[in-house]
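*Asks:* Please find one structure pasted underneath; my questions will follow.
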Amino acid sequence: MELTRLRGFQDLLGASARAVAHVEELARAVARRYALDEIRIPMLERLELFEHSSGETSDIVQKQMYLVRRHEDSDPERGEMALRPEGTPGVVRAYIEAGLDKSDPEQRFFYLGPMLRYERPQKGRYRQFTQFGVELLGRADAAADAELMFMIDDLRRDLGLDLTFEINSLGDARCRPAYREALLEWGRAHLAELCEDCHQRIDRNPLRLLDCKVDARLAESAPKSSDFLCDECRRHFDQVRALLADAKVPFRVNARLVRGLDYYTRTAFEVTSTAVGSQNAVAAGGRYDGLVAALGGAAVAGTGFAIGIERIALALDATRLAAARADVVLIALGETAMLPAAAIAHELRANALRVEMLSPERGLRALLRRADRLGVRMAAIVGEDEIARGVVQLRDLKTSTQSEVARGDLAASIRAAIK
Ligand code: ATP
Ligand code: MG
């Protein structure tokens, strides 16, 4: 029996878990600044929810869903359930189920949690990954679309990353049919050059021809959505661009950018990193004015995005990934020093330092080696003699210098050394 993890799934330990948690913390901080409410929705939903929202033609529903079946046939809730591949359908379902579409339609949600998709695993592409997503419901205005990109740009700045924004407008129920028709015509004319998947897509959802990963070059000859926008859609798109330019968010219009899902209208955007390698899409989003009604709710507008947390973490600078979990290790020499050392650790933590107490059962040399391996900068060493005199030996493991510090000055000395 092999008890290893499944292909495409990850165990995150040590520095890689810290990097992901760091991104999550900063994302939560952005959510606070933008006055978003957290929403926590189930991992498991009825399969129909995803079929209705993500569309029966999307890759997610067609090829990537994990279906779950109960063991007993007698289960009254038997039938197909699916592990969520994305957050938006569940959020919108919950919103309708709580009656908010009618009682209080303007809502600002964020979610953070795992998604599951049956993917071809590779670096940056996993079968379970974490998304931070935002959904602004009851907002039809261009400022809502722009605000989403401001959030991502804030996170980019807080993380010190380089990201590129690409935006497009897909039109709405009024002007999109003509664009769809033009794409259909173009697709039919290029049938021989299209991939097998695209032959399936062409009649069901010709917009997705532009999403083809097999031959991206071919799409360059496809009609542009911007040539088909109605006056209202054009005005909305102009406003989004003006808002981004005014806030100095660097973006590029990509007239062939479409989203793989059927419910997107008007604004669509994608955010890529130069650092992640081949899987460089770190976030994607857009407007989905038809979704709430499509899932049985009132006609409420909505716009949102999702960020891939692991991909962002991969883009972070390697030295940050290696950052130590503690600022200082505490080393107690001998059993009598153990109690006072624990008290010193408490004092340092009360001073907001990250403190790790090492197992007191080994010799000083071995403990210092371990501290070094952990990447910790400082070691505070106390033995019987130090306790009696109210001092601590403070060792800087980077410069290999050591000095005696009064216990009351210890926190300040550490802080000065690590800053
Ligand atoms: P891709 O084109 O890379 O497959 P997608 O269009 O399927 O992306 P979305 O469904 O829009 O992606 O999800 C938003 C973000 O979630 C992506 O930009 C990416 O950062 C992240 N993401 C999507 N799928 C995965 C995955 N299998 N592993 C890790 N992150 C992922
Ligand atoms: Mg995908």
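We did not get these values from a lab; they are worked out from the coordinates using the rules stated. As the structure is a prediction and not an experimental result, all values here were calculated from the model. Note: ideal-geometry Cβ built from the backbone for every residue, glycine included; neighbour counts use all protein chains shown.
*Asks:* Is the range 213-298 rounded, prolate or oblate when judged by the Cα gyration tensor, a ≥ b ≥ c being the square roots of its eigenvalues, rounded requiring a/c under 1.5 and prolate requiring a/b larger than b/c?
*Replies:* rounded
*Asks:* Suppose R0 equals 41 Å. What FRET efficiency, 1/(1 + (r/R0)^6) with r the Cβ-Cβ distance, do ASP231 and ARG188 give to the nearest 0.05?
*Replies:* It comes out at approximately 0.90.
*Asks:* Report the relative contact order of the chain, percent, no decimals, based on alpha-carbon pairs under 8 angstrom and at least 6 residues apart.
*Replies:* Reported as a whole number, the value is 16 percent.
*Asks:* Percent relative contact order of the range 164-293, based on C-alpha pairs within less than 8 angstrom and at least six residues apart?
*Replies:* Taking the mean separation of contacting Cα pairs over the length of the range 164-293, I get 38 percent.
*Asks:* Counting only DSSP beta bridges with both residues in the chain, tell me the antiparallel percent, nearest 5.
*Replies:* 80
*Asks:* If you take every DSSP beta bridge whose two residues both sit in the range 1-159, what share of them, in percent to the nearest 5, is antiparallel?
*Replies:* Counting DSSP beta bridges with both partners in the range 1-159, the antiparallel share is about 90 percent.
*Asks:* Nearest 500 deg cm²/dmol is fine: what mean residue ellipticity at 222 nm does the chain get from its DSSP H runs of n ≥ 4 alone, each adding -39,500 (n - 2.57), divided by its residue count?
*Replies:* One gets -11000 deg cm²/dmol as the mean residue ellipticity at 222 nm.
*Asks:* Rounded, prolate or oblate: which one fits the range 95-167, using the alpha carbon gyration tensor with axes a ≥ b ≥ c (rounded when a/c is under 1.5, else prolate when a/b beats b/c, else oblate)?
*Replies:* Note, shape of the range 95-167 comes out oblate.
*Asks:* Sticking with this one: Ranked highest first by average number of other Cβ atoms within 10 Å, how do 94-102, 2-10 line up?
*Replies:* 94-102, 2-10
*Asks:* For LYS224, go through the aspartates and glutamates and keep the ones whose alpha-carbon is under 20 Å away, minus same-chain ones fewer than eight residues off.
*Replies:* Result set, ordered by chain and number: GLU166, ASP172, GLU181, GLU185, GLU193, ASP203, ASP211, ASP215, GLU232, ASP238, ASP262, GLU270.
*Asks:* Any chance you could give the angle, 0 to 90 degrees and rounded to 10, that helix 231-246 forms with the longest Cα principal axis of the chain?
*Replies:* 20
*Asks:* Can I ask one more? Can you compute the charge dipole magnitude of the chain about its Cα centre, using +1 on each Lys and Arg Cβ and -1 on each Asp and Glu Cβ, nothing else charged? Give it in debye, rounded to the nearest 20.
*Replies:* Dipole about the Cα centre, nearest 20: 1140 debye.
*Asks:* What are the semi-axes of the equivalent ellipsoid of the range 351-419, taken as the square roots of 5 times the eigenvalues of the Cα gyration tensor, listed largest first and rounded to whole Å?
*Replies:* 17, 16, 11
*Asks:* Sorted by packing (mean other beta-carbon atoms within 10 Å per residue), highest first, where do 121-131, 280-290 land?
*Replies:* Final packing ranking: 280-290, 121-131.
*Asks:* Quick one: helix 176-189 against the long Cα principal axis of the chain, what's the angle to the nearest 10°, folded into 0 to 90?
*Replies:* 80
*Asks:* Using a ≥ b ≥ c from the Cα gyration tensor of the range 1-68 (square roots of the eigenvalues), is it rounded, prolate or oblate, where a/c under 1.5 gives rounded and otherwise the larger of a/b and b/c decides, a/b for prolate?
*Replies:* In terms of gyration-tensor shape, oblate.
*Asks:* Sticking with this structure for a sec: Averaging sequence separations of C-alpha pairs under 8 Å and six or more residues apart, then dividing by the length of the range 266-419, give the relative contact order as a whole percent.
*Replies:* 17
*Asks:* Ignoring solvent entirely, what values of log10 I(q)/I(0) come out of the Debye formula for the chain at 0.07 Å⁻¹ when each Cα is a single scatterer?
*Replies:* Taking Cα atoms of the chain as identical point scatterers yields -0.46.
*Asks:* Helix 14-33: angle to the longest alpha-carbon principal axis of the chain, degrees 0 to 90, nearest 10?
*Replies:* Roughly 60 degrees, rounded to the nearest 10.
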